[in-house]
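The values are calculated or read from the model by the stated rules, or taken from the named source; none is laboratory data. Values in this document were obtained by computation on a predicted structure and should not be read as measured data. Cβ coordinates were reconstructed from backbone atoms using ideal geometry, including for glycine residues, and neighbour counts include every protein chain displayed.
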Amino acid sequence: MNTGEFKSATFEIFRKEDGVVVLRWKPKVELTLALAKESFGVFTSITGGKKTPLLVDATTIQYIARDAREFFASEAVSHAASAVALFVGSPLSKTLANFFLSVTKPRLPTRLFDSEAAAIKWLKEFLA
Amino acid sequence: MISHRVAKDPRLQQIIDFLARLARGDFEARMTPSDRGDGIDAIIVGQNMLAEELQASFEALHGARDELEQRVMERTADLEKANEELKTEIAERKQAEETVRESQERYRTLAESAQDHIFIIDRERHLQYMNSSSAASLRLSPKETIGKTLAELFPAQVAERQWNAIQRVFDAGKPFAVQDTIVSPEGARWLDAQLIPLLTKSGEVRSVMGITRDITELKQAEEKLAAKVTELERRNNEITSLNEMGDLLQTSLDAEEVYAAIKQSFQKLFPDWSGTLYMFNASRNLLETVTAWGEVASSEDIFAPEECRALRRGRVYQVEDTSTGVLCQHVARKTKAAEDDFPAPAGYLCVPMMAKSETIGTLYLETARDPEQLSAKQPLATAMSEQIALALANLRLHETLKRQSIRDPLTGLFNRRYMEESLGREFSRAVRKQHTVGIIMFDIDHFKNFNDTHGHDAGDAVLQDLGAFLQKHFRGEDIICRYVGEEFVLILPDASLDDTRKRAEFLREEVRHLDVYHRGKPLNKFTLSFGVAVFPDRGNDAETVLRAADQALYRAKQEGRDRVVVA
């Protein structure tokens, strides 16, 4: 059973029973700074400010704007999440995620996964 | 192959064009991916993101460059401004340093050319500076004095006194002036020192500067001036006292008053001195004491003129040390005779007194304690003796003139003028006291025949001897007058008629036995005839009473002479 669930036209977010929070972007979404901040606001409201591992389902994401990338790599995000697993699938999503990891360089533990289960497993290591 | 694939998928051409634009620096170039989402779209998206990063980096770089340029410009402007300020500051500092150097040079020249002794000393008593004048006085160069202590340059006591004064400036932080004496090979020197604190910026006394001036000559001049002033004051007092003595002498009526004035004046002007005033006796063969003052008089009361060296020399004789000096005999004899009773004076002065070319006496002054003052006091003693001599001579002259004006020169008796004055005075006194005044008028019987027989010289001898006889046998208050020729008048104050008659009888009887000699030969005896009258019984005025006495005398002559007739 999931808790703290939120859904919008562009993304949905919820906390799994094991404590991992999942952010799942809808297909063809071009991620802007506004969407990034919105999704982060929802995330922190679910976690109550407690550092929590986050799974981002970016398999269908179309694009991440530069300011949105920088926001996700900011100190504010690093204080709210304990680790981020980027679940990718298509070449496009892999390119986006790799670019984020290698160029934008997030400040908290971040890894790419093409298996959601593997990602969840890794994230559980960061549960308090 | 590539062109074939490009022709097959136009996105590749788009990528090639895009890369070409990036190569030209067009970082705003973007590509649009297709909906395929395949690898080429991923490349396109990746290239777009890369372009975004390049653009951001480029913009950031531009921004940084602009900011850097701005900062460089601002920094350059700051540096230029600082450089200008530094140049100005350096110029001002150079100017200040030059001013300070000139000032230092000026003060150094001033200090080095000053006659005053200038030094600077620190708290550890070490000299930091001493000018040439000061160093030269110590027979050192200024360099040799630096670092030395006062104790190394001056005797211990002097150095300690100097340091005590300097210490006061260190303690109080205020200037201090002090005068001191030091003994140098040239003698004692007076120094006037102005001690001035030299302060740090925080107001602490870092060192003390001393400016010392040799004021020995000034001090000596002051002392001389003070001595002169004292001497002038002393002389002024002496002159004042001399004038006072002159007034006293001028207003003295007789010798006793003169002597009292002399005694008083000498006791005032010669305190603690003793003295004696000697005058020649009538025969001028001895000098006799007429007045003396003080406790001890080591001179004879009477001595011969030749026993005084001042009289023999005719000028002042001074002995400052009686134990070694040659003494006058009138001093030597007295001190030798009485050496067990009192010591000889330490010194003495004999001042001959001259008046109208005649030596009239000598002034003797002795001191037991101040023989060194003899020379200083000699002018005063001489001046006083001259005044005294003049006063005494004037007094003698006055007495002589007075005597000549009221005395008969032959008999020494009062003359007729004095008799007339005396009658008026005595009658007035008798009226006040309700007394009587006896009048005896008498003359020598047959005096004309006596003159004719023995000559006028013999007659004068009779008159002289009669005058001496009368002065011998009558009271001091009785007034005996030669009235005219051989006629005499006796005025007897406070005498009754009976007393007057008895006195006349006594005189008549005594004269009968009087022996008179002329040129060694006895003359004949002579007798007197008397007329007696008493005021106020025989009249209220002199003329009436005299006339009554004259008439009684006439009757005595008529009745046979050698008798007394009462009016």
*From the list B:ALA56, B:ALA42, B:ALA64, pick out the single residue that is more than 9 Å from chain A (Cβ to nearest Cβ) and either surrounded by 10 or more Cβ atoms within 10 Å (Cβ to Cβ) or assigned to a helix (DSSP H, G or I) (or both).*
B:ALA64
*asked:* Looking at the structure I just gave you, is B:ALA495 assigned to a loop (DSSP other than H, G, I, E, B), surrounded by 21 or more Cβ atoms within 10 Å (Cβ to Cβ) and either modelled with pLDDT of 95 or more or at negative phi (or both)?
replied: yes
*Read through the list (1) at negative phi; (2) away from chain B (no Cβ under 14 Å); (3) without any contact (Cβ under 8 Å) to a residue 12 or more places away in the chain, then give the number of the only condition that A:SER39 fails.*
(3)
_Matching entry among B:GLU306, B:GLU295, B:GLU300 (being outside any loop (DSSP other than H, G, I, E, B) and among the charged types (D, E, K, R))_ = B:GLU306
*Give me the pairs: first residue in segment B:87-115 and closer than 30 Å to B:SER133 by Cβ, second residue among the aliphatic types (A, V, I, L, M) and at pLDDT 90 or above, beta-carbon distance under 8 Å, and six or more apart or on different chains, which are they?*
B:ALA111/B:ILE118
_One residue is enough: does segment A:6-14 have a residue meeting the conditions in contact (Cβ under 8 Å) with a residue 40 or more places away in the chain, closer than 29 Å to B:SER34 by Cβ, away from chain B (no Cβ under 14 Å) and surrounded by 16 or more Cβ atoms within 10 Å (Cβ to Cβ)?_
no
*Please tell me if B:MET73 is more than 60 Å from the chain's Cα centre (by Cα), under 22 Å from A:ARG66 (Cβ atoms) and part of a helix (DSSP H, G or I).*
no
_Within segment B:257-272, considering residues that are in contact with a strand residue (DSSP E or B) (Cβ under 9 Å, 6 or more places away or on another chain) and farther than 17 Å from B:ALA383 by Cα, the one surrounded by the most Cβ atoms within 10 Å (Cβ to Cβ)_ = B:ALA260
*If only one of B:ARG24, B:ARG36 is within 11 Å of chain A (Cβ to nearest Cβ) and exposed (fewer than 15 other Cβ atoms within 10 Å of the Cβ), which one is it?*
B:ARG36
_Single residue of B:MET245, B:MET279 found to be surrounded by 13 or more Cβ atoms within 10 Å (Cβ to Cβ), hydrophobic (A, V, I, L, M, F, W, C) and in contact with a strand residue (DSSP E or B) (Cβ under 9 Å, 6 or more places away or on another chain)_ = B:MET279
*Just to be sure, is A:ALA97 more than 23 Å from B:THR32 (Cα to Cα) and not acidic (Asp, Glu)?*
no
*When only residues in segment A:42-69 that are surrounded by fewer than 18 Cβ atoms within 10 Å (Cβ to Cβ) and closer than 16 Å to A:LEU86 by Cβ count, which is farthest from the other protein chains (Cβ to nearest Cβ)?*
A:THR60
